[in-house]
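Since every read-out is calculated from the coordinates, none of them should be taken as a lab result. Being a predicted model, the structure only gives us computed values, none of them experimental. Every residue, glycine among them, receives a Cβ derived from its backbone with ideal geometry; neighbour counts consider all protein chains shown.
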Amino acid sequence: MNEAAKNDSKNLLGFWIYIMTDCVLFASLFATFAVLRNNTFGGPTGAELFSLPFVLVETMLLLTSSFTCGLGLLAARQKEKTQVLGWFAVTFVLGLSFLTMELTEFNHLVNEGHSWTANGFLSSFFTLVGTHGLHITIGLLWMIVMMLQVAKRGLGRHTVRRLTLLSLFWHFLDIVWIFIFTIVYLTGAIQL
Amino acid sequence: MIKITKKQRPYTVGFISSAILTLTAYTLVVNTTFSGWALLYVILVLAVMQLAVQVLFFLHLGREEKPRWKLVSFLFAVMVVLIVVLGSLWIMTNLNYRHDHGGLPNETDEFIIHDEGIRQ
């Protein structure tokens, strides 16, 4: 391995370790949610508040964006500039649609009087799902920056390395969402 | 029709199997052919399967060269996550059990003594 490739692999490991610590952050939020999920203070439960078909569409949008992000990275490794811009644009649109749906849901809940101040269940729900949404927002901003870089400077070694980190981050956010979908939304609908 | 190249294959396999796993979990919960704890465990297993699929096909954890630092840090993170989540649930469920069975402290004592079969 030459010096440049060695540095890139160290760089990748560093970012990977950051992602692992982010997993621990999400774990503590999941634990909080799991503990507080029944503390509705007489208010409606998750089964009454959430629309499962709506959340399924959100899930599919994010999963597809994770897929197109991977294809974008492959195109970047093959130095296909137009394809990279195309795939990342698709990823961006899918991610933005996901975020819009999430904010629509939040807005709807707050307007109906089910905000984070209502009870422990909703506090932990908004913190967990909101933190994920914040990560998605940062990912989308990062994606804009990367698309500008690719458009302006082309696919140099550093740009491809940054795209690798971005797609790692994006795949990670989809993995976190699988658990939000399962533990918050699906589990909430099961009668125990 | 878009042709799938050899390098795109892992992503395509990961995408299709993730979609199938998500739809399976969704259908099971919506149709409620069975419910309760059994259904909860089934959808949790489906989520963990999807985690494995995405870690292998999207994050390519299986194709790392030695020394496998990414795998090591991943396994450590999994351990911490399990301790935090399961530990919190265990402690808080137990705490909840030891509180609030009736208005007075001795009523809770009576409940636990009875529930654990210490005195009939």
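At a glance:
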| read-out | value |
| --- | --- |
| Residue satisfying condition, being without any contact (Cβ under 8 Å) to a residue 12 or more places away in the chain and closer than 21 Å to residue A:22 by Cβ, within set B:56, B:82 | B:82 |
| Residue count, segment B:38-55 (criterion: closer than 14 Å to residue A:179 by Cβ and either aliphatic (A, V, I, L, M) or surrounded by fewer than 17 Cβ atoms within 10 Å (Cβ to Cβ) (or both)) | 12 |
| Number of positions in segment A:44-65 that are touching a Gly at 6+ places or on another chain (Cβ under 8 Å), part of a helix (DSSP H, G or I) and surrounded by fewer than 16 Cβ atoms within 10 Å (Cβ to Cβ) | 1 |
| Which listed residue, of B:118, B:83, B:91, B:112, is outside any helix (DSSP H, G or I), out of contact with any Gly (no Cβ under 6 Å at 6 or more places or on another chain) and exposed (fewer than 15 other Cβ atoms within 10 Å of the Cβ) | B:118 |
| Among (1) in contact (Cβ under 8 Å) with a residue 60 or more places away in the chain; (2) under 21 Å from residue B:14 (Cα atoms); (3) within 12 Å of another protein chain (Cβ to nearest Cβ), the one test that residue A:29 misses | (2) |
| Unmet criterion (only one of (1) in contact (Cβ under 8 Å) with a residue 24 or more places away in the chain; (2) closer than 21 Å to residue A:20 by Cβ) for residue A:181 | (2) |
| Search result, residues across segment B:50-80 that are more than 19 Å from residue A:169 (Cβ to Cβ) and not in a helix (DSSP H, G or I) | B:65, B:66, B:67, B:68 |
| Enumeration of residues in segment B:5-33 that are within 10 Å of chain A (Cβ to nearest Cβ) and in a loop (DSSP other than H, G, I, E, B) | B:5, B:7, B:8, B:32 |
| Filter result (free of Cβ contacts under 8 Å to residues at least 12 places away in the same chain, within 14 Å of the chain's Cα centre (by Cα) and closer than 30 Å to residue B:31 by Cβ) within segment A:52-98 | A:60, A:67 |
| Segment B:34-54 - residue that is more than 7 Å from chain A (Cβ to nearest Cβ) and of a type in the set (Val, Ile, Thr) and, of those, farthest from residue A:67 (Cα to Cα) | B:42 |
